[in-house]
1. Among the residues that make up the stretch 41-51, is at least one of them surrounded by fewer than 16 Cβ atoms within 10 Å (Cβ to Cβ) and under 25 Å from Ala21 (Cβ atoms)?
2. Would you say Tyr32 is in contact with a helix residue (DSSP H, G or I) (Cβ under 6 Å, 6 or more places away or on another chain) and of a type in the set (Phe, Trp, Tyr)?
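The values are calculated or read from the model by the stated rules, or taken from the named source; none is laboratory data. All values derive from a computational prediction rather than experimental measurement. Methodologically, a virtual Cβ is constructed for each residue, glycine included, from the backbone with ideal geometry; neighbour enumeration extends over all protein chains shown.
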Amino acid sequence: MANVTSTFTGPASEKWFEKFARFGLASKGVVYLLMGILSVLAAFGLSNAKGDKEEAFKVIYDQPFGKVILLAIALGLLGYVMLRTFQAIKDTEHKGKMSKGFLPASVTA
């Protein structure tokens, strides 16, 4: 996957989108990190949490300012979705528009 900086080589007007996309990547990382922590705690018997996304969001919701944090994560994940959509439309990884660009490398080799 191309990094965020290599995706944006255009004018400075795209800086807001680059920052939004980076925030999206960070939000995705926070969700996965929390799921990992919950899974480790469950593995050692320190928590009854399952370690899935639903449980991770529930843990965040139960915290002080949990709704605000969830709103920020939701906005961040929207930024991540927008980044991946932009990468798919603009072909930022230069895979091409033919079938070779759409199929995994293992299938086309």
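1. No, there is no match, as no residue in the stretch 41-51 is surrounded by fewer than 16 Cβ atoms within 10 Å (Cβ to Cβ) and under 25 Å from Ala21 (Cβ atoms).
2. Working: in contact with a helix residue (DSSP H, G or I) (Cβ under 6 Å, 6 or more places away or on another chain): no; of a type in the set (Phe, Trp, Tyr): yes.
For Tyr32, the condition - in contact with a helix residue (DSSP H, G or I) (Cβ under 6 Å, 6 or more places away or on another chain) and of a type in the set (Phe, Trp, Tyr) - is not met.
Results for (1) at pLDDT below 90; (2) exposed (fewer than 12 other Cβ atoms within 10 Å of the Cβ); (3) in contact with a Phe, Trp or Tyr (Cβ under 8 Å, 6 or more places away or on another chain); (4) on the phi > 0 side of the Ramachandran plot, shown as yes or no for each residue.
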| residue | (1), (2), (3), (4) |
| --- | --- |
| Pro64 | yes, yes, no, no |
| Leu71 | no, yes, no, no |
| Gln87 | yes, no, no, no |
| His94 | yes, yes, no, yes |
| Gly101 | yes, no, no, no |
| Pro104 | yes, yes, no, no |
